[in-house]
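Asks: Okay, here's the structure, questions in a sec.
The values are calculated or read from the model by the stated rules, or taken from the named source; none is laboratory data. Everything numeric in this text was worked out from a predicted model, so none of it was measured. Glycine gets a Cβ as well: all are built from the backbone with ideal geometry, and neighbour counts include every protein chain shown. When the accessible area is computed, the model is the full protein with side chains, heavy atoms only, and any ligands, DNA or RNA have been set aside. Shrake-Rupley method; radii C 1.70, N 1.55, O 1.52, S 1.80 Å.
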Amino acid sequence: MKQSDKKLPLVVVVHGSARTVESLRDGFIEFAEKVHCAVLAPLFPKGAVAQDEGDGYKLSSPASFPYDQILLSMVDEVSTTYMAQNTFCLYGFSGGAQFAHRFAYLHSERLEALSIHAPGGCSSIHHNITEEKLSALRATPVQMVVGERDTLSHTLKICRKSMLESLCEQWRSKGISVDFKIAAHIDHDGFALLSHCFDFFSEHISSADAYVEHVRMA
């Protein structure tokens, strides 16, 4: 594992287009207390680049505003201020899942684990990742989850389940191990899917006991 046993594990959670970031943050509190990790829940506001523009944070174009670098600067600040790791578990739902899988193409070496839930649009891995980044992604635990009833992306008018299944097949064809799940009886509801992320991240976050003891002795 890349993690240091004397720093607090970090989980980054990225909101969807509805930007329910406060509810999303609150939804991770019990999990964070259970596994002893820090949670960073950034808010990417609308209109940061152009008036009423709200989708740029999804990293749909490498030429867009560098939201990936903004997130990395946030992570560096949290790492310095709270003695947290600067590698992290990354979760995203819907628009946040678009950000998360594209971020992985750019910065897979910074990821401890990756959980992608129900993106409304996917970028192919085949032309978007270097061999160096691909090698790092092969070493990263990856989860993909979509609701059984989550059938339509209103933006692209295609089935989210089919789209995520296709992305999973692409990644597996590149030698990436993907834990793929279809959640029964769930539609496009990120909070209903969170338990899958919690279970997955719990398996891949090192115990923070050494960190806690280190702080007590400091």
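Asks: Taking the Cβ-Cβ separation of residue 46 and residue 6 as r and a Förster radius of 41 Å, what is the calculated FRET efficiency to the nearest 0.05?
Replies: 0.55
Asks: While we're on this one: Please work out the average accessible area per residue across segment 81-171, using the 1.4 Å probe convention, and give it in Å².
Replies: Working: 3330 Å² over 91 residues.
So segment 81-171 comes to 37 Å² accessible per residue, rounded to a whole number.
Asks: Setting aside same-chain residues fewer than 8 positions from residue 7, which aspartates and glutamates have a Cα under 12 Å from its Cα?
Replies: Residue 7 reaches 209, 213.
Asks: I've got another one for you. Taking 7 Å along the Cα-to-C-beta vector as the label spot, tell me the residue 192-residue 158 distance in nanometres, rounded to one decimal.
Replies: 2.4 nm
Asks: Is the shape of segment 51-139 rounded, prolate or oblate, going by the alpha carbon gyration tensor and its root eigenvalues a ≥ b ≥ c, with a/c under 1.5 for rounded and a/b larger than b/c for prolate? Don't skip to the answer; put the middle values down first.
Replies: Details: a/c = 1.63, a/b = 1.14, b/c = 1.42.
Taking the square roots of the gyration eigenvalues as a ≥ b ≥ c, segment 51-139 is oblate.
Asks: Here is a further query. Would you pull out the residues with amide H under 5 Å of residue 14's amide H, same chain only if 5 or more places away, H placed 1.01 Å from N?
Replies: 91, 92, 93
Asks: If R₀ is 45 angstrom, what is the calculated FRET efficiency for the pair residue 182 and residue 77, using the beta carbon separation as r and rounding to 0.05?
Replies: 0.75
Asks: Summarise the accessible area of segment 81-126 (1.4 Å probe, protein heavy atoms) by the percent that is carbon and sulfur.
Replies: Here carbon and sulfur together make up 55 percent of the probe-accessible area.
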